[in-house]
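Below is one structure, written out as structure tokens; the observations come after it.
What follows draws every value from the coordinates through simple rules; no lab data is involved. What you are looking at is a predicted structure, and each value in this text was computed from that prediction instead of being measured. Note: ideal-geometry Cβ built from the backbone for every residue, glycine included; neighbour counts use all protein chains shown.
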């Protein structure tokens, strides 16, 4: 018994613990990068990426490693992964409306489609997912349903983030009603409202890796 | 004088789940996308599995070009209640176990076919909006 205890202590001493790969997923313009920036800035002092009102600003997976989340005296080390927005359609003409020139718009659309493919591939490598939804919009989109269905099939823990709760039209309850089986945290990533509740939920629900 | 028909046409293909079930995962996705890229709206009396749905999105993204901006998908799953729900969950779990064993032997996923429900898949160029409720959905198409 004593030997076993010593052996386990010795093994644990040299065991490399992997950090949790926390993927931030969702449709475009729901505030994924704003949330990634909030988390990264709160615990590392640095932002992770650029945000924009033009859809598909994030077209490559953005990473921040060794982010130590702290809440209520508990700690959790994560590798933060900000994913490109998931969509079933990307039309370069949409970008023209934002004043982007045709050539650049086509390039943006091309990169955005590759970004979606990359984000989907990463579903096989994340340990926990924050599924970000816009509280001012209908959450019952096929992209959200497909994303949650896949995470459930893979057994990956999910926390629903009902973002943009600071806006007048926001209705986080709508998200809870649409997907009652998942823990849901209403927040404003932009203003930091209720963000500590999200950190508590991450520490509580995140799956241990390694 | 003959009046010109001012209405443009939309082609709808109603596909049985049996027909799609006869195809492997990749062939199924290719079949759907070739029809949709040709401008058809597909209505299938079944629901793709989550992994097939995400493969459909991934493959769509690979085929997006100036003339094909992508797809709109909407599905309605059969909502089981009471004992039926219990047996469905049981059947799902058993399917997963069977799939693990099958993958172990053949290295390929088991082809179990579509689940009961309804799926609509169409070109995003034509389908402008999809409003989904838990038990219904409505589609706005424009030619």
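With the simple model of a label 7 Å out from the Cα in the direction of the Cβ, residue B:38 to residue A:154 spans 3.4 nm.
What fraction, in whole percent, of alpha-carbon pairs in chain A exceed 21 Å separation? The answer is 55 percent, as a whole percent. Roughly how tilted is helix A:2-14, in degrees to the nearest 10 and between 0 and 90, from the longest Cα axis of chain A? For A:2-14 against chain A, the angle is about 30 degrees. On the beta carbon distance between residue B:116 and residue B:10, with R0 = 41 Å, the FRET formula returns roughly 0.95. To the nearest ten degrees, helix A:195-205 and the longest principal axis of the Cα atoms of chain A are 50 degrees apart. Hey, what angle do you get for helix A:102-121 against the long axis of chain A, alpha-carbon based, 0 to 90 degrees rounded to 10? For helix A:102-121, the angle is close to 30 degrees. For peptide A:100-110, the mean count of partner chain Cβ atoms within 10 Å of a residue's Cβ comes to 1. Report the residues of segment B:118-132 in range of a label on residue B:139: point 7 Å along Cα→C-beta, backbone N strictly under 12 Å from it. In segment B:118-132, the label zone of residue B:139 (backbone N under 12 Å from the point 7 Å along Cα→Cβ) covers B:118-131.
Extension gain, residue A:118 to residue A:61: 0.36 nm times the residue separation minus the Cα-Cα distance gives 19.8 nm. Overall shape: oblate for segment A:85-150, with the ratio a/c of the largest to smallest alpha carbon gyration tensor axis at 1.5 or above and b/c at least equal to a/b.
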